[in-house]
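Every read-out reported here was derived from the displayed coordinates using simple, explicitly stated rules and does not represent laboratory data. This structure is a prediction, so every number in the text was calculated from the model and none was measured. Ideal geometry is used to build each Cβ from the backbone, glycine not excepted, and the neighbour counts take in all protein chains shown.
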């Protein structure tokens, strides 16, 4: 009789095995995030390389839609330091106890000051500019004849100099230039309609920008609270304090540059106007406004502002144009070596090469406003990049001189 071997008894009625639950894995999740970021960045690079003009036009369209809101944020940035000073003045010497009343009064005073400057420009500066432009267009034939006679008599004034090539160049270029100016004056009437539509659109955008800026300044604490909620929701708790410090420093860099550059450009425009009045140069107000506005653009601004003045004065009097060019060059040197560092200090901290690159890219994307805003944006990016590099070097225990 064979012995039966012990075999494990299996229950044919046992329940089927339950499927395993999906357990999240931080390592795999991090890998997925990295893969998604790499794919997104690679797609963006391919898109930019393959269709640069489509990307540029898309960015311009997006900026055009967002421009009222961006301008409102910019206005709020500019007025915020003034409002803070007024609040401290009202709470201190004036002794207004209610903080909300101090804030409202400070905001109203700030916007009244801005409105006063705009009204002053409309009542005094803009009419003078229109008169200067009208005078330039009206005197085109006279200016043309004076310029032609000047170059025509060069040979008599300088008999030993060979001015035939210069005379030939003037004979070929000057009529075309005058004809272009006349064409511009003739087409001025049809352009008024387009300009009116642009002014109406700009006025609407400006009103929206004012509303956005008022909301940001009135509800500044609410916006700060919302920002803190976002930070505490997504940033690890141990990094909150450092993140707040970094954001505060970025805000300081951006605000100091905008406010400082506005003050700097206003002083340069006033100095240009005073010097032009002293030397009795024509169109002083028009050219000073151009120089002051374009001075907001670092490096390129003074030269961009000098070109229209040189052309206008060259038609009127070449020696005056030369004096204007020298005066703008001296002002630019004074601004770059003394006034700018005194007002802006080390706010930007960018090398000239990176300022030129940022201005070029900003101009390509958003025009004149992009050329101006590109520098503080690049300064903020430089600050963030330096922080990241310092963090990486400390992590690897590397100290560089």
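With the simple spin-label model, which puts each label point 7 Å out from Cα in the Cβ direction, the residue 34 to residue 229 separation comes to 3.5 nm.
Distance between the modelled labels on residue 128 and residue 109, one decimal in nanometres: 2.8 nm (7 Å Cα→Cβ projection).
Region 59-106 and region 235-309 have their alpha-carbon centroids 19 Å apart. In terms of packing, defined here as the mean over residues of other Cβ atoms within 10 angstrom, the peptides 201-213, 31-43, 320-332 line up highest first as 320-332, 201-213, 31-43. For the pair residue 353 and residue 244, the difference between a 0.36 nm per residue extended length and the Cα-Cα distance amounts to 36.2 nm.
FRET efficiency for the pair residue 43 and residue 280, taken as 1/(1 + (r/R0)^6) with r the Cβ-Cβ distance and R0 = 45 Å, rounds to 0.15.
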